[in-house]
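Right, one structure below, let's go through it.
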Amino acid sequence: MICPAGRDGHDPAPLPIMKRVTLLAGLFLSLIACLRADETATVTLHAGQPGAVINRNIYGQFAEHLGHCIYEGIWVGPDSPIPNTRGIRNDVVAALKNLNLPVLRWPGGCFADEYHWKDGIGPREKRPSMYNSHWGGVVENNAFGTHEFMDLVEQLGCEAYICGNVGSGSVQEMMEWVEYMTSDAASPMANLRRANGRDKAWRVKYFGVGNESWGCGGNMSPEFYSDNFKRYNTFVKNYSRDYKIYRIACGANGEDYRWTEEMMATAAKRMDGLSLHWYTLPSGNWAKKGSATEFTEDQWFSTFRNTMKMETLVTKHSAIMDKYDPQKKVGMIIDEWGTWYDVEPGTNPGFLFQQNSLRDALVAAVNFNIFHQHADRVAMTNIAQMVNVLQAMILTDKEKMVLTPTYHIFEMYKVHQDATSLPLDLVTPDYVLGDAKLPAVSASASKDKAGKIHLSLVNINPNTPVTVTCTLDGATAGAVTGRILTAPAMNAHNTFAAPETVKPQSFTGAALSGTTLKVTLPAKSVVVLEI
Ligand code: AHR
């Protein structure tokens with residue numbers, strides 16, 4: 001093979017052994033170079049055709065009484081040596097404020113349907129305990145209740161999204177909770193709140209009527225839940241003159257389109273939002289999901305294949321919602337999403353504690369690009385979960401705190417909050433592994449109120465850079481700046497000992513010439529450009 005036949009058809013003289021080795025190595029290297037040569041993509045950005053506004057609530061968070069999310073991650077108590085304000089960690093609050101966190105969902109999750117809010121008010125030492133049956137079988141002492149949650153919300157400067165108990169709670173209990181939190185009347189529940197130290201009603205803009213009522217929230221059929229939704233929802237009253245409570249009905253589990261169909265057909269007029277839950281498991285198998293940091297390229301690939309199903313889910317559920325609600329009054333609320341791995345070795349399986357790597361950062365960015373493109377229907381999303389659980393922003397260990405790669409995507413992408421989405425046409429090369437392939441590049445763009453355009457690009461191919469040529473249609477550009485998140489290894493992650501292994505850097509790989517932007521997108525990277 002390395003000694004091709006001579007032009008005259010005679011075999012040439014055999015090459016000396018060293019020369020053969022050199023030739024072989026040369027051939028091998030050029031083969032690798034050829035495999036790794038930059039691929040190309042094109043983006044046509046229609047800056048003159050504004051789409052829907054990207055609701056800032058798409059950048060929402062979720063905090064459940066699960067593992068060390070609330071206790072230790074957020075709540076350390078007023079007597080803790082860890083710096084805190086009325087028991088809430090200062091370092092965690094400061095880090096989250098930097099994300100412009102718009103909305104926080106609480107107290108669950110599955111926990112919400114066994115939570116009785118009256119156990120979590122009044123003097124802390126007198127609050128009764130309960131058994132947290134879903135998450136590790138721990139005893140919950142109710143130290144963090146309504147007052148503490150609303151204090152957190154006020155410290156963060158975000159909206160509250162409370163999830164009510166339909167599964168094991170009564171209509172009266174739910175009704176009284178809403179009165180307790182939001183009424184300024186001299187009524188029994190508002191007076192009880194005053195007796196517990198809070199005079200003014202809180203603002204609770206978002207209220208969920210049950211969680212996963214098809215599963216941990218009561219194993220209901222869509223018909224049974226729809227009736228229950230209507231019944232409970234009737235008693236979620238508006239006590240404030242300043243705003244109306246936005247009521248969120250429990251929506252489908254992934255591909256359960258029948259659930260959406262039934263809810264929209266029978267209850268669309270009574271809800272403001274309908275939820276959807278979708279988790280990304282590398283293996284797609286709940287019994288053996290895969291590790292957060294010890295994974296092969298096959299698992300990298302399957303993680304993206306599974307997370308990209310979000311596009312199909314949003315499209316198909318939206319189509320059903322469009323049938324009953326063509327004016328798109330009902331928002332799609334994806335109030336649980338993100339990666340779900342096997343727990344870190346040696347940790348409580350019920351605490352759902354997992355590390356967070358560059359792979360998670362790219363997963364978050366790909367999902368945001370999907371949500372932006374569906375900004376006309378997707379009104380809120382809440383990644384699961386904010387601290388120490390599943391795809392977290394922040395990991396804590398006693399007084400230590402580390403920001404995850406996912407945190408950095410929320411920070412880099414915050415420029416899209418409340419900006420107007422811009423349509424784009426993307427032609428991307430494939431990321432091929434074996435006989436399977438995925439689109440390598442994902443993108444979204446928006447224009448903010450100051451007129452700045454932000455273009456976010458992701459290259460999920462862990463081996464090959466992509467050169468993106470972007471044509472700006474309907475905009476003139478003066479300059480381009482950007483930031484990038486990448487790392488040498490697919491599983492690069494931040495630890496308490498090395499907290500800055502994965503962090504955003506300024507990006508110099510974009511060049512503007514007239515209305516054409518050329519971007520060299522490194523392998524496994526996320527770039528956010530400001531144009
Ligand atoms: O986020 C963890 C759990 O996942 C939630 O409690 C539940 O709603 C879902 O199944």
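Only the coordinates and a few stated rules stand behind these numbers; no lab work does. All values derive from a computational prediction rather than experimental measurement. Don't worry about glycine lacking a Cβ; one is built from the backbone with ideal geometry, like all the others, and counts go over all protein chains shown.
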| Under 10 Å, Cβ to Cβ, from ASP199 - net charge with Lys/Arg +1 and Asp/Glu -1 | +3
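When Lys and Arg each count +1 and Asp and Glu each count -1, what net charge do the other residues less than 9 Å away from PRO222, Cβ to Cβ, add up to? Spell out each step's value before the answer.
Working: positive: ARG258; negative: GLU223, ASP256, GLU261, GLU262.
Computed value for this residue: -3.
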| request: Enter the per residue convex hull volume of region 80-162, computed from alpha-carbon coordinates, in Å³ rounded to the nearest integer. | output: 110 Å³
| said: Under 5 Å between amide hydrogens, which residues at least 5 positions from TYR431 or on another chain qualify, with H placed 1.01 Å from N in the peptide plane? | reply: LEU438, ALA440
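Between beta-carbons, use under 12 Å as the cut-off and find the net charge around VAL528, counting Lys and Arg +1, Asp and Glu -1. List each step's numbers first, then the result.
Values: positive: LYS414, LYS452, ARG483; negative: GLU411, GLU530.
Combined, the nearby Lys, Arg, Asp and Glu give +1.
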| note | With the convex hull built on the alpha-carbon atoms of region 221-313, volume per residue in Å³ sits at 146 Å³
| task | Would you please give the residues with an amide H less than 5 Å from that of VAL138, counting only those at least 5 places away or on a separate chain, with H modeled from the backbone geometry? | result | ASN132
| Range in the chain, longest, excluding exposed GluC sites (Glu not before Pro) [loop by DSSP; at most 16 other beta-carbon atoms within 10 Å] | 1-254
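With Kirkwood's inverse mean 1/r over C-alpha pairs for Rh, give me the Rg to Rh ratio of region 86-239, two decimals please.
Details: Rg = 15.6 Å, Rh = 16.3 Å.
Rg/Rh for region 86-239 comes to 0.96.
Based on Cα coordinates alone, diagonalise the gyration tensor for the chain, multiply each eigenvalue by 5, take square roots, and list the semi-axes in whole Å, largest first.
On the way: eigenvalues 436, 132, 99 Å².
After scaling each eigenvalue by five and taking roots: 47, 26, 22 Å.
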| task | List, largest first, the extents of the alpha carbons of region 448-500 along their principal axes, each in whole Å. | result | 46, 27, 15
| message | Could you tell me how far the Cα centroid of region 312-355 sits from the Cα centroid of region 170-241, in Å? | response | 23 Å
| note | Here the gain from full extension of THR481 to GLU125, 0.36 nm per residue of separation minus their alpha-carbon distance, amounts to 122.8 nm
| Using alpha-carbon positions, what is the distance between the centroids of region 451-530 and region 141-166, in Å? | 36 Å
| said: Helix-only estimate, please: 222 nm mean residue ellipticity of the chain, summing -39500 (n - 2.57) across DSSP H runs of length 4 or more and dividing by its residues, to the nearest 500. | reply: -8000 deg cm²/dmol
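Please compute the alpha carbon radius of gyration of region 474-529, then divide it by the globular-protein estimate 2.2 N^0.38 Å. Two decimals is fine. Intermediate values should be presented prior to the final figure.
Numbers: Rg = 14.3 Å, N = 56, 2.2 N^0.38 = 10.2 Å.
Rounded to two decimals, the normalised Rg is 1.41.
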| task | Can you tell me how much longer the chain between ARG203 and ASP435 gets when fully stretched, taken as 0.36 nm per residue apart minus their C-alpha distance, in nm with one decimal? | result | 78.2 nm
| query | In the chain, which longest range has no trypsin sites (Lys or Arg not before Pro) that are both DSSP loop (not H, G, I, E or B) and surrounded by at most 15 other Cβ atoms within 10 Å? | reply | 87-199
| What is the set of long-range amide H partners of VAL53 at a cut-off below 5 Å, with H atoms built 1.01 Å from backbone N? | SER421
| DSSP-defined antiparallel bridges as percent of all bridges, the chain, nearest 5 | 55 percent
| field | Whole-Hz couplings from phi, Karplus 6.51/-1.76/1.60, listed for region 265-272; x for Gly and Pro | value | 5, 10, 9, 3, 6, 9, 10, 9
| request: Output ³J(HN,Hα) for region 217-228: one whole-Hz value per residue in order, computed from phi by the Karplus curve 6.51 cos²θ - 1.76 cosθ + 1.60 with θ = phi - 60°, and x for Gly and Pro. | output: x, x, 6, 8, 7, x, 5, 5, 5, 4, 5, 5
| What is the spin-label model distance, in nm, from ASN98 to SER170 if the labels are put 7 Å beyond Cα along the C-beta direction? | 4.8 nm
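Whole number please: convex hull volume per residue of the Cα set in region 416-531, in Å³? Don't skip to the end; give the middle numbers.
Numbers: hull volume 14.4 nm³, N = 116.
Per residue, the Cα convex hull of region 416-531 comes to 124 Å³.
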